[in-house]
Amino acid sequence: MKLVTYRASVDDEARLGVLHGDLIVDAEALGAAYGEDIPDTMLGLIDSGKPGVAALGALMDAMGDTPPIHTSVPMSNARLCAPIPRPRKNIWGVGLNYTEHVAESARALDTSDALPQKPVLFSKPPTCVIADGEPIQHNSKMTQQLDWEVELAVVMGSGGKNIARDDAMAHVFGYSVMIDVSARDNRRAGQWIFSKGQDSFGPFGPCIVTADEIEDPHNLDLWLTKNGEEKQRSNTGFMLFDIPSLIADISTGMTVEPGDIIATGTPAGVGAGSDPQEWMWPGDTIVACVEGIGTLTHPIIDATPK
Ligand code: MG
């Protein structure tokens with residue numbers, strides 16, 4: 001299933017839906033049509049575990065081509081929110097997780113050219129998340145080096161501590177797209193959270209594809225364009241630390257919880273690594289895509305305080 005969080009009108013609460021052609025089928029309403037309780041939010045569905053996801057999947061199968069009356073809205077009449085509009089806790093970012101990005105970062109930034117021996121972990125706060133289509137804010141008093149990073153996002157289904165590598169994939173709820181927006185000149189003493197954690201620096205969506213529908217998350221093309229020009233193109237197969245390794249490593253030190261998000265790192269082709277260096281400016285448009293999941297499109301706007 002391709003799961004979304006949507007509003008059918010500006011006054012409505014954000015609700016859980018399932019993409020079905022040009023329609024969004026409302027998960028709770030579909031359940032009600034069949035006399036079943038289905039959660040009305042993404043986090044509610046994640047918390048309901050594998051049985052909850054299976055129950056929703058079974059209703060989508062039972063429904064066939066045509067949703068029951070009053071259970072769907074046309075995509076064109078709805079506004080997509082980020083799939084989890086407000087993550088419960090910080091998003092785990094993974095730095096330097098593609099070989100050629102390690103090399104370009106060492107050339108352009110202050111990072112080592114040696115491949116990391118353990119995942120390079122950092123954090124993006126829940127307040128950085130924006131939905132597909134929402135603007136990325138450029139504050140010229142803060143940054144002259146606003147950069148892009150397309151990434152596969154992993155959304156955790158069940159949590160745990162010290163999750164074994166071999167068990168890790170069973171903990172994954174699904175996959176999405178994140179742009180790890182980075183103000184390169186806002187790193188402080190080598191710390192990345194302020195550079196990567198500012199408001200609007202976490203475009204996320206447009207949907208979450210449930211894990212059962214992604215045959216191999218380590219074989220997905222991902223790419224990014226700026227103003228129509230391709231800047232990044234790679235495949236998730238080139239990650240240095242694969243998804244089970246990341247989950248196993250993170251959970252050695254921090255309890256993983258349902259709904260947690262891991263942004264798995266970006267391939268080469270960021271602005272800092274290009275020659276000459278290139279950045280995002282108001283008026284630019286960034287498009288990021290991961291194969292089989294979807295596309296994020298974001299304008300950059302001037303958000304410099306007066
Ligand atoms: Mg990144």
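The values are calculated or read from the model by the stated rules, or taken from the named source; none is laboratory data. From a predicted model like this one, the values you see are computed outputs, not experimental measurements. When we count neighbours, we look across all protein chains shown, and the Cβ atoms used for this are built from the backbone with ideal geometry, even at glycine. These area figures cover heavy atoms from the full protein model, side chains too; ligands, DNA and RNA do not enter into them. Shrake-Rupley method; radii C 1.70, N 1.55, O 1.52, S 1.80 Å.
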Residues of the range 1-59 classified as under 22 Å from the mean Cα position of the chain (by Cα), surrounded by 21 or more Cβ atoms within 10 Å (Cβ to Cβ) and closer than 17 Å to Ile69 by Cβ, total | 6
What single numbered condition from (1) within 16 Å of the ligand (Cβ to nearest atom); (2) open to solvent by less than 70 Å² (accessible area, probe 1.4 Å); (3) over 30 Å from Ala8 (Cβ atoms) fails to hold for Leu152?
-> (3)
Considering residues that are free of Cβ contacts under 8 Å to residues at least 60 places away in the same chain and over 21 Å from Ala211 (Cβ atoms), the number found within the range 9-23 is 8
Ser140 passes all but one of (1) part of a strand (DSSP E or B); (2) more than 15 Å from the ligand (Cβ to nearest atom); which number fails?
-> (1)
Quick one: which of Ile163, Ile179 is within 16 Å of the ligand (Cβ to nearest atom), modelled with pLDDT of 95 or more and within 30 Å of Ile214 (Cβ to Cβ)?
-> Ile179
Those residues of the range 114-124 that are within 15 Å of the ligand (Cβ to nearest atom) and either closer than 22 Å to Ser274 by Cβ or in a loop (DSSP other than H, G, I, E, B) (or both) come to a total of 3
Could you pull out the residue among Gly294, Gly273, Gly269 that is at pLDDT below 95, of a type in the set (Gly, Ala, Ser), in contact with a Ser or Thr (Cβ under 9 Å, 6 or more places away or on another chain) and open to solvent by less than 50 Å² (accessible area, probe 1.4 Å)?
-> Gly273
For the range 82-113 the number of residues that are crowded, with 18+ Cβ neighbours inside 10 Å, part of a helix (DSSP H, G or I) and among the β-branched types (Val, Ile, Thr) is 1
Mind listing whichever residues of the range 276-291 are open to solvent by less than 40 Å² (accessible area, probe 1.4 Å) and touching an Asp or Glu at 6+ places or on another chain (Cβ under 9 Å)?
-> Trp279, Met280, Ala288, Cys289, Val290
Restricting attention to the range 77-96, and to residues there that are under 16 Å from the mean Cα position of the chain (by Cα) and within 12 Å of the ligand (Cβ to nearest atom), which single residue is nearest to Lys231 (Cα to Cα)?
-> Gly95
Looking across the range 115-131 at residues that are in contact (Cβ under 8 Å) with a residue 12 or more places away in the chain and open to solvent by 50 Å² or more (accessible area, probe 1.4 Å), the single one that is nearest to Ile262 (Cα to Cα) is Leu121
Within the range 205-231, restricting to residues that are touching a helix residue (DSSP H, G or I) at 6+ places or on another chain (Cβ under 9 Å) and of a type outside the set (D, E, K, R), the one that is surrounded by the most Cβ atoms within 10 Å (Cβ to Cβ) is Ile208
Can you work out which of the residues in the range 182-197 that are more than 14 Å from the ligand (Cβ to nearest atom) and within 30 Å of Pro258 (Cβ to Cβ) is modelled with the lowest pLDDT?
-> Gln191
Is at least one residue of the range 38-52 assigned to a loop (DSSP other than H, G, I, E, B), without any contact (Cβ under 8 Å) to a residue 60 or more places away in the chain and touching a Lys or Arg at 6+ places or on another chain (Cβ under 8 Å)?
-> yes
When both residues are 6+ apart or on different chains and their Cβ atoms are under 6 Å apart, which pairs have a first residue that lies in the range 132-150 and is hydroxyl-bearing (Ser, Thr, Tyr), and a second that is crowded, with 22+ Cβ neighbours inside 10 Å?
-> Thr143/Ala183
Taking the options Thr264, Thr225, Thr236, name whichever one is modelled with pLDDT of 95 or more, away from the ligand (no atom under 15 Å from the Cβ) and either in contact with a strand residue (DSSP E or B) (Cβ under 9 Å, 6 or more places away or on another chain) or closer than 24 Å to Leu109 by Cα (or both).
-> Thr225
